[in-house]
1. Hey, what angle do you get for helix 112-131 against the long axis of the chain, alpha-carbon based, 0 to 90 degrees rounded to 10?
2. For segment 138-275, with the dipole built from +1 on Lys and Arg beta-carbon atoms and -1 on Asp and Glu ones, taken about the Cα centre, which of His250, Gln167, Ser266 lies farthest toward the positive end?
3. Counting alpha carbon pairs within less than 8 Å and at least 6 residues apart, what relative contact order, in whole percent, applies to segment 138-275?
4. If I compute Cα extents along the principal axes in Å from the structure I just sent, which labelled value in [x] 51, 47, 31; [y] 60, 38, 30; [z] 56, 47, 30 lines up?
5. Listing Thr214, Thr100 from the residue with the fewest other Cβ atoms within 10 Å to the one with the most, what is the order?
6. Please identify, among Ala174, Ala113, Ala51, the residue showing maximal mean-square fluctuation in a Gaussian network model of the chain using a 10 angstrom Cα cutoff.
7. Over the chain, what relative contact order in percent results from Cα pairs under 8 Å that are six or more residues apart?
8. Counting only trypsin sites (Lys or Arg not before Pro) that sit in a DSSP loop (anything but H, G, I, E, B) with at most 16 other Cβ atoms within 10 Å, what is the longest stretch of the chain containing none of them?
Amino acid sequence: MSNSIERGLLEDILETRKSEMDKYGRTKTYDQISMFLQEDRQISFSLVNHALAIIDDQVDTNGNEEQLSKVKAILEQGFQGQEVEITETWERNIYKLGQTLSRLHENGFVHAAGIFDEIINYWEIEKQNLDRKGKVLSSVELDDLSLKIGKSIGLQFLYLLCPDLDQESRESIAASYGIAIKLADNLSDLNEDFEQGYINISRENIEKYHLNITDINAGDLHEYKKAEVGRIKKSYEECDKIVDEILERHPSQKEGAILFKDIAHSWLKQASNEI
């Protein structure tokens with residue numbers, strides 16, 4: 001069943017996103033994760049990974065905050081076992097995610113409620129992301145938002161991949177790799193996000209590189225990208241050290257942590273391709 005769910009989700013993902021997954025090795029890692037996880041944890045990972053991304057793409061395009069409120073309610077109804085009228089595929093996926101997390105919770109998986117709470121938290125952060133549409137943020141504001149988004153997604157993954165990590169270690173990995181992934185994602189999708197109104201260059205860098213928010217390709221965009229890739233690479237070096245230190249204390253969590261690390265590094269490869 002889990003493989004059929006994965007196939008169904010992949011059919012609904014944007015072709016550009018699917019192509020990037022294949023090109024930079026994420027598809028291969030997701031296949032390895034499918035072998036690593038079992039039953040409802042496997043299903044939950046597929047839904048967390050793909051169903052949330054599908055909604056992200058829709059909301060980023062239409063800017064519809066009401067959809068975020070609706071999706072939150074559907075997840076809660078699925079988790080609580082309530083009946084709900086389903087009309088869209090994305091609604092069915094989110095309801096199934098709620099049901100699957102509920103089963104995990106009932107069967108003693110201690111992190112099921114944590115995953116549920118973190119998904120709700122993620123959608124609250126996404127509202128902040130929608131609110132900054134068309135706005136230029138400072139470097140502190142932009143990095144803070146990137147940290148919140150990246151850490152939340154990282155925690156959702158790590159609850160499933162590394163369930164026996166202590167919470168402090170889990171949050172440390174999620175925060176460090178989370179912001180690194182989000183910085184790489186912002187750089188990779190710079191032009192596409194800009195077209196939708198999301199300006200992923202700080203006020204300071206716009207001034208430093210003489211960029212123009214009415215024409216992202218004006219100014220010295222190449223030098224900005226070159227500098228940003230350098231910053232991202234340094235961030236990944238720090239992340240790798242953090243993970244190595246944590247795995248020395250928790251060797252039993254190595255396989256799940258390495259799979260998460262592989263996902264993270266695929267984004268570094270993608271961002272590096274920008275220069």
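1. Its long axis makes an angle of about 30 degrees.
2. His250
3. Relative contact order comes out at 32 percent.
4. From the options [x] 51, 47, 31; [y] 60, 38, 30; [z] 56, 47, 30, the structure gives [z].
5. Listed from fewest to most nearby Cβ atoms, that is Thr214, Thr100.
6. Ala113
7. With pairs under 8 Å counted, the relative contact order is 19 percent.
8. 136-275
A short reminder: the numbers here are calculations on the coordinates, not readings from a lab. What you see is a predicted model, and the numbers here were worked out from it, not measured in a lab. Neighbour counts run over all protein chains shown; Cβ positions are idealised from the backbone, glycine included.
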